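Peer 1: I'd like to ask you about the structure that follows.
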Number of protein chains: 2
Amino acid sequence: MWSVKDVYYISGSTGILAANYGQALICQFPGITFNEKTFPFINSVAQAKETMQKILEYAGGRRPLVFTSLVDPQIRDIFDSTEVEFIDIFEHRLTYLENILECKALRIAGSSRQTDAVVLKERVEAIHFCLEHDDGLKTHQYNQADVIILGVSRSGKTPVSVYLATQTGLKAANFPLTSEYLQTYILPNNILGNRMKMIGLTTSPQFLSNIREKRYPGSKYSSLATCREEIKQAEQIYQRYKIPWLLSTGQSIEEVATQIIQKLNLATIKRFA
Amino acid sequence: MWSVKDVYYISGSTGILAANYGQALICQFPGITFNEKTFPFINSVAQAKETMQKILEYAGGRRPLVFTSLVDPQIRDIFDSTEVEFIDIFEHRLTYLENILECKALRIAGSSRQTDAVVLKERVEAIHFCLEHDDGLKTHQYNQADVIILGVSRSGKTPVSVYLATQTGLKAANFPLTSEYLQTYILPNNILGNRMKMIGLTTSPQFLSNIREKRYPGSKYSSLATCREEIKQAEQIYQRYKIPWLLSTGQSIEEVATQIIQKLNLATIKRFA
């Protein structure tokens, strides 16, 4: 078994997909340390040769893993060397799709729809909307929201909202369940018209307490008793108003966001490579 | 040539990677309309069979594209049918890596490091930092920033900052070049100590004017003359203070973010699948 491996991600565009792809594989080998580096925007044979030379110089005889997402065969082939473990993440797939779809592929780097002006505009608007409607701001504009995330302080509302806006173009607002609502089990009237867009977050008291402790150590706010009480109250509010909710403990931002999309059956604009 | 194709992304986790992978391929065929749907969290043979049945019922004899990122062979095999165009995005790659790395793969869905508590914490902190330091807020805390993005109003500072925080865990602040700075060509003293973390955004006057027009149609603020003047002044500020800068026109949020990482040689925490 190897204890350390160098890993490179080479792309004609940002390299984000190649890196995500490679990471999904190498994370299946937790015993090995991987040194990762991305070389984005490799769009000429000259750049490719220069990059390959750097990789080989640094390798010093060891064989690094090289993941590429290059769609130009001339540039791709420069990395397809016996001196590295070469992995073309698309391999023969474009040719395969050309046959299935009976149509020639463009083979142009970065031609994914991420730069499409309409998508870009929607996404930028969603991000601005999210920031302007963070933490209970501008509730009178909730009609414009695609989703409204409820939860107690530090239950993960903001990160999930920001993720949804940035990566799916959804206009995500979030509303904090502060003591005035928790103690009365009543949500303000002016947001209830948009109840169908709401989703509640909940978490384990221990997890919440740990997070709050980092901000306000030793406080009543971060005590396990307070966290337990607030979470119980929040869940009762969700039940009372028939708001679907989910547990975020131990989940990544992506996992929570994906479940929200599923539960509310939200139509997202294209995801972005 | 097909004019319409149904495309499914099947995953044991969020399905984000499978969708991004599939989209990177199908976007190379702009003449075809693709109807896409993700089935996330498919973690049992029973769920897989149910999902496959839905896909086949809906297909009505047409052969849809099915991209999977399933690492459990039993679940994966349910989709490997002649009734669909089956594409396992990892195919034999895990076995290949097992041989190279001389180590058995976990083959557990969603085991990517995205749920790692430290990474999650850093990322959540970066998102909160970003929101608290948007648009020139709390400049006295710029010492804690990893990167400070400068630009005129609507040049794309906020979306890029939010993206960097969400997807790379970088603490990104952004500072607006408003008229007081533009007209004097002087940046405030209290932010200059962090000049080495700064990057400037610029854009074409036409592009900026179009964006501003949507918010304030017919205003002096959104006129081509104002946009041209502000951009010229901003670029002169970048030159004066030797702040690196880049043109965002026609680029996706990811492309601008990747260039910022490159130009400032920033070390990001792991990217997230």
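Values quoted throughout were computed directly from the atomic coordinates according to the rules given, and no laboratory measurement underlies them. A quick note: this is a predicted structure, and the numbers were derived from the prediction, not measured. Glycine gets a Cβ as well: all are built from the backbone with ideal geometry, and neighbour counts include every protein chain shown.
Peer 1: Roughly how many debye, to the nearest 20, is the charge dipole of the range B:115-264 about its Cα centre, given +1 on each Lys and Arg Cβ, -1 on each Asp and Glu Cβ, and no other charges?
Peer 2: I would put it at about 340 debye.
Peer 1: Show me, for the range A:96-107, the HN-Hα J-couplings you get by feeding each phi into the Karplus relation (A = 6.51, B = -1.76, C = 1.60, θ = phi - 60°), rounded to Hz, glycine and proline as x.
Peer 2: Residue by residue, the range A:96-107 yields 4, 5, 4, 5, 4, 8, 6, 7, 6, 7, 5, 6 Hz.
Peer 1: Can you compute the helix-only [θ] at 222 nm over chain B? Use -39500 (n - 2.57) per DSSP H run of at least 4 residues, normalise by all residues, nearest 500 deg cm²/dmol.
Peer 2: -13000 deg cm²/dmol
Peer 1: So what J values fall out for the range A:235-241 if you push phi through Karplus, 6.51 cos²θ - 1.76 cosθ + 1.60 with θ = phi - 60°, rounded to Hz, Gly and Pro as x?
Peer 2: 5, 5, 4, 4, 5, 4, 9
Peer 1: Further question on the same structure: Can you give me the relative contact order of the range A:4-111 as a percent, contacts being Cα pairs under 8 Å and 6 or more apart?
Peer 2: Reported as a whole number, the value is 32 percent.
Peer 1: If each label sits 7 angstrom from Cα along the C-beta direction, how far apart, in nm, is A:S223 from its counterparts in the other copies?
Peer 2: 6.2
Peer 1: Mind checking the angle between helix A:117-132 and chain A's longest principal axis? C-alpha axes, 0 to 90 degrees, to the nearest 10.
Peer 2: Here the helix axis deviates by roughly 40 degrees.
Peer 1: Using a 10 angstrom cutoff on alpha carbons, build the Gaussian network for chain A and name the most mobile of A:T184, A:T203, A:T226.
Peer 2: Of A:T184, A:T203, A:T226, the Gaussian network model singles out A:T184 as fluctuating most.
Peer 1: Same structure, new question: Considering amide H positions built from the backbone, and no H for Pro or chain starts, which residues 5 or more places from B:T68, or on another chain, come under 5 Å of its amide H?
Peer 2: It is B:I10, B:I87, B:D88, B:I89, by chain and number.
Peer 1: For the protein assembly as shown, what is the charge dipole size about the Cα centre, in debye to the nearest 20, if Lys and Arg each add +1 at the Cβ and Asp and Glu each add -1 at the Cβ?
Peer 2: 1300
Peer 1: Separate question: Step through the table entries A:K121/B:K157; B:K121/B:K171; B:K171/B:K197; B:K121/B:K197; A:K157/B:K37, compare each Cα-Cα distance with 19 Å, and write down the pairs that go over it.
Peer 2: Check vs 19 Å cut-off fails for B:K121/B:K197; A:K157/B:K37.
Peer 1: Same structure, new question: For chain B, what's the radius of gyration and Dmax over Cα atoms, in angstrom?
Peer 2: Reported Rg and Dmax, both Å: 23.7, 69.
Peer 1: Give me the net charge for the shell around A:I148: Cβ to Cβ below 9 angstrom, other residues only, Lys and Arg +1, Asp and Glu -1.
Peer 2: Taking every Cβ under 9 Å from that of A:I148, the sum is +1.
Peer 1: Restricting the calculation to Cα positions, tell me the Rg (one decimal) and the Dmax (whole number) of the range B:4-111 in Å.
Peer 2: Radius of gyration, then largest Cα-Cα span, for the range B:4-111: 14.1, 45 Å.
Peer 1: At 7 angstrom along the Cα-to-beta-carbon line, where would the label on A:E235 sit relative to the other copies? Give the distances in nm, shortest first.
Peer 2: Result for A:E235, in nm, nearest copy first: 5.9.
Peer 1: B:M198's amide H: which non-local residues (gap 5+, or another chain) put their own amide H closer than 5 Å, with H modeled 1.01 Å from N in plane and none for Pro or chain starts?
Peer 2: Amide H to amide H, under 5 Å and 5 or more residues apart or across chains, B:M198 pairs with B:I148.
Peer 1: Here is a follow-up. Going by alpha carbons, how many degrees (0 to 90, nearest 10) lie between the helix axis of A:157-168 and the longest principal axis of chain A?
Peer 2: For helix A:157-168, the angle is close to 40 degrees.
Peer 1: Which far-off residues, 5 or more places away or on another chain, put their amide H under 5 Å from the one on A:F175, with H placed in the peptide plane?
Peer 2: HN-HN under 5 Å from A:F175: A:G136, A:I149, A:L150, A:G151.
Peer 1: Going 7 Å from Cα along the Cα-Cβ axis for the label, what nanometre distances separate B:S44 from the same residue across the other copies?
Peer 2: 5.7
Peer 1: Quick check: the distance between the Cα centres of the range B:18-33 and the range B:121-181, to the nearest angstrom?
Peer 2: That distance is 32 Å.
Peer 1: Another question, then. Using only Cα atoms, find the angle between the long axis of helix B:16-26 and the longest principal axis of chain B, and express it within 0 to 90 degrees, rounded to the nearest 10.
Peer 2: Computed tilt is about 90 degrees.
Peer 1: Among A:K242, A:K104, A:K220, whose mean-square fluctuation peaks in a Gaussian network model of chain A (Cα, cutoff 10 Å)?
Peer 2: Top of the fluctuation ranking is A:K104.
Peer 1: Largest first, please: the extent of the C-alpha atoms of the protein assembly as shown along each principal axis, to the nearest Å.
Peer 2: If we take the Cα atoms of the protein assembly as shown, the spans are 59, 56, 49 Å.
Peer 1: Given a cut-off of 21 Å, what percent of all Cα-Cα pairs of the range A:115-264 lie beyond it?
Peer 2: When all Cα pairs of the range A:115-264 are counted, 42 percent exceed 21 Å.
Peer 1: Please list, in order along the range A:46-58, the HN-Hα scalar couplings obtained from phi with the Karplus expression 6.51 cos²θ - 1.76 cosθ + 1.60 (θ = phi - 60°), rounded to whole Hz, x for Gly and Pro.
Peer 2: 3J(HN,Hα) across the range A:46-58, in whole Hz: 4, 4, 4, 5, 4, 5, 4, 4, 4, 4, 6, 4, 6.
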